[in-house]
Amino acid sequence: MYTLSNRLKIVSIILIIVGAGLWGTSYYSSHHVTIDNVKTMLAEEASHGNHDVSHAAENTHHNDTDASHAEAVDNHGDEHAEHVMHQIHNRPYSALYVAALFFMMIALGVLAFYAIQFAAQAGWSPLLFRVMEGITYYVLPGALIVVAVAVFAGDHIFVWMNPDMVNPESDKFDKLVAGKSAWLNTTGFVIRALVFIGGWSLYRFYARKFSLAQDEAPEGDRSNFKKSFRIAAAFLVFFIYTESIMSWDWIMSVDPHWFSTLFGWYVFAGMMVCAITVIALITIYLKSKGLLEKVNDSHIHDLAKFMFGFSIFWTYLWFSQFMLIWYSNIPEEVTYFVTRIEDYNLPFFGMIALNFLFPLLLLMNSDYKRIPWFVVLTGIVILAGHYIDVFNMIMPATVGDRWFIGMPEIGSILFFAGLFMLIVFYSISKQPLTAKGNPFIKESEHFHY
Amino acid sequence: MEASKVIHAIYNDDDVLMNAVKKVKAAKHQIEEIYTPFPVHGLDKAMGLAPTRLAICAFLYGCVGLAVSILMMNFIMIEDWPQDIGGKPSFSYLENMPAFVPIMFELTVFFAAHLMVITFFLRSKMWPFKNAENPDPRTTDDHFLMELPINGNEAELQSLLSETGAVEINVVDKAN
């Protein structure tokens, strides 16, 4: 039985407070940026000489979301300054949203992974079930926060939430966004989000309930396990649809003109890598405290294999999406990658190194997969890489080339990391760490590679 | 001196065999070879065999495959007969690289897989038309055979092996 140590509690609370402070400061200061500040700033940048290049790049990609931008050649200076001011205002919202999304997807990925273990009747993993159940406790609060941030930010993140975009009278009217308004509207967005969160939480609630009930069940009574199996199978069907739709709604719609048919899978792959990495990290942490003594290095080895495998799977989907769009070079599709390559060159290509090359080379050797500090090291690289992946999904649409990983971003990461740790470890501390009633627990204890 | 007399202990279950191997190793007897109809999980560890170096070969072969594919595509598509790849900036390998990635991947896998199999066959001294080495044809069906060299300790080995649950124990003189 794990007890939530005071040190961990204090560290989490400090993270939350420091994170909230950093984010709050940046939010406050960015909202005091006026159009005159921006003009002065732009004039200073122009005098440094290299502004024309980034300006041109920005024009190409913002024509599609801001239709009025190109027409107004006369007072282009003002228009541009206003545009930049909006980007500066958008940044704290986006930073908060990226971090909220990143941590929520970790928990959601663990929930799917947990359901897969039941549906497949896996024999190696039952020793880790309580760790997984603990992490999935974050799904409900985490997802509600994501939706709350989305609605709070409104058109700071989701341009289509601006009523002018679908108003034919307005000069901001956008025909394509208006055409999609049957799906992309705030009411529908919230209703769909609540349905997804409701479904996920319902599964999480019953899975946990049956898992605990199975521990108390008399010898030979497997009814709770059977119920877990059935709801896991049903949940996985529900999950793969809702996860896809979630990725369109919560991520892809920030660029409302652009779409990719494998985006749901791409998000799923990234989410699974992070999920399995976090399971491995928490397992290693608990093991280092002398708990989970039945977990042996073969379990760590298997988790590391999954980290390795899903990293390659993620790269495969990333490349599949990239190559088709790069090859066909259709203007409305390719702007997505043009923006990322021109304005986000370092995070865009750096993330390939972090998410593909590092796990590939560090975890290729079979022996390294069972060395805890090696898995932790790779895990930290993977988590950093996938944060940047989510960053690259959201930021180009909202802040353009005005990005930086600074106060609002780091503040949001700290805030959600603290919240995540507090909630997850609270849930882990609630129940014994071994799901002793699971029919496969013996097999899991003897599992060896 | 290589012992010419060997003892063949035959088992009909892989779990019994595994336990027998552990007992024989614990009694510090040398195991010459074990013939099994299918790979027995953990047998190499129980016998104390050195870990395989095939994985290192696979990695190196993969690197060779990657290099071959890069050189090949560069020669074919860029140097020898420059191709227009979807109107992309031509005559540069790097700028057309995404189009070559599938081939780079395939050849990496191709080289690693095929050369690894060939290496395995050569290293195991297996080639076409070679006569089978296993001393008893039943080891290709449902029996397991452990071969131990006899160094003047025949009686001791006989009793040890019959204790481990061998269904048959034969003494064979390899010199004949």
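The values are calculated or read from the model by the stated rules, or taken from the named source; none is laboratory data. Everything numeric in this text was worked out from a predicted model, so none of it was measured. Neighbour counts are summed over all protein chains in view; Cβ atoms, including those assigned to glycine, are modelled from backbone coordinates with ideal geometry. Ligands, DNA and RNA are stripped out before the accessible areas are found, and what is left, the full protein with its side chains, is counted by its heavy atoms. Shrake-Rupley method; radii C 1.70, N 1.55, O 1.52, S 1.80 Å.
Where Rh denotes the Kirkwood radius from the mean inverse Cα pair distance, what is Rg over Rh for chain B? Walk me through the numbers before you get to the answer.
Values: Rg = 25.4 Å, Rh = 20.2 Å.
Looking at chain B, the ratio lands at 1.26.
Longest exposed-loop-site-free stretch of chain B, with chymotrypsin sites (Phe, Trp or Tyr not before Pro), DSSP loop and at most 15 other Cβ within 10 Å?
Numbers: sites that count: B:F91, B:Y93, B:F129.
Excluding the exposed sites themselves, the longest stretch runs over B:1-90.
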Taking all pairs of distinct alpha-carbon atoms in segment A:274-366, Kirkwood radius in angstrom = 15.5
Point-to-point label distance, B:D84-B:A27, nm (Cα→Cβ direction, 7 Å offset) = 8.0
What lysines could a cross-link reach from B:K125, if we take a straight Cα to Cα line under 30 Å and drop same-chain neighbours fewer than 8 places away?
-> B:K5, B:K22, B:K23, B:K25, B:K28, B:K45, B:K174
Run the quick spin-label model on B:H41 and A:I312: label points 7 Å from Cα toward the beta carbon, then report their separation in nm to one decimal.
-> 2.1
In Å² (nearest 100), what accessible area is buried between A and B, both sides summed, heavy protein atoms only, 1.4 Å probe?
-> 900
Find, to one decimal place in angstroms, the Kirkwood hydrodynamic radius of segment B:116-176, where the mean of 1/r is taken over every pair of different Cα atoms and then inverted.
-> 14.3
Low-density loop positions, chymotrypsin sites (Phe, Trp or Tyr not before Pro), segment A:102-149 - DSSP coil, at most 11 other Cβ in 10 Å | none
Could you please state how large a percent of the accessible area of chain A is carbon and sulfur, counting protein chains only and using a 1.4 Å probe?
-> 66
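Over the Cα atoms of segment B:38-78, compute the convex hull volume and normalise it per residue, giving Å³.
Details: hull volume 3.0 nm³, N = 41.
Convex hull volume per residue, Cα atoms: 74 Å³.
Considering all projection directions equally, how large on average is the shadow of the alpha-carbon convex hull of the protein assembly as shown, in square nanometres?
Values: hull surface 149.5 nm².
Across all orientations, the protein assembly as shown yields a mean hull projection of 37.4 nm².
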Quick one: grab the alpha carbon gyration tensor of segment A:197-297, order the square roots of its eigenvalues as a ≥ b ≥ c, and give me rounded if a/c is under 1.5, else prolate or oblate depending on whether a/b is larger than b/c.
-> oblate
Sparse-neighbourhood loop sites, GluC sites (Glu not before Pro) in segment A:293-395 - DSSP loop, at most 14 other Cβ within 10 angstrom = A:E293
Once segment A:62-212 is represented by equal point scatterers at the alpha-carbon sites, with solvent omitted, what log10 I(q)/I(0) does the Debye formula produce at q = 0.16 Å⁻¹?
-> -0.93
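Rounded to the nearest 0.05, what FRET efficiency is calculated for A:T25 and B:F105 with R0 set to 56 Å and r the Cβ-Cβ distance? Present the calculation step by step, with values, prior to reporting the outcome.
Values: r = 47 Å, r/R0 = 0.84.
Between A:T25 and B:F105 the formula returns 0.75.
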Give me the lysines in straight-line cross-link reach of A:K209: C-alpha distance below 22 Å, same-chain residues under 8 apart excluded.
-> A:K226, A:K227, A:K430, A:K436, A:K442
Amide H to amide H under 5 Å from B:K5: which residues, 5+ apart in sequence or cross-chain, H placed 1.01 Å off N in plane?
-> B:I150, B:K174
Could you give the distance between the Cα centres of segment A:85-122 and segment A:12-30, to the whole Å?
-> 20
For B:S124 and B:D13, what is the calculated FRET efficiency with R₀ set at 22 Å and r taken between the beta-carbons, to the nearest 0.05?
-> 0.30
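Report Rg(Cα)/(2.2 N^0.38 Å) for segment A:88-177, keeping two decimals. Numbers along the way, then the final one.
Details: Rg = 19.1 Å, N = 90, 2.2 N^0.38 = 12.2 Å.
Normalised Rg, Cα atoms only: 1.57.
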Residue-span extension gain [A:E293 to A:L357] - 0.36 nm each, minus C-alpha spacing = 19.8 nm
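Starting from segment A:292-361, pick out the chymotrypsin sites (Phe, Trp or Tyr not before Pro) whose DSSP state is loop and whose Cβ has at most 13 other Cβ atoms within 10 Å. All intermediate terms of the calculation are to be shown ahead of the outcome.
Values: sites: A:F306, A:F308, A:F310, A:F313, A:W314, A:Y316, A:W318, A:F319, A:F322, A:W326, A:Y327, A:Y336, A:F337, A:Y344, A:F348, A:F349, A:F356; in loops: A:Y344.
Filter output for segment A:292-361: empty list.
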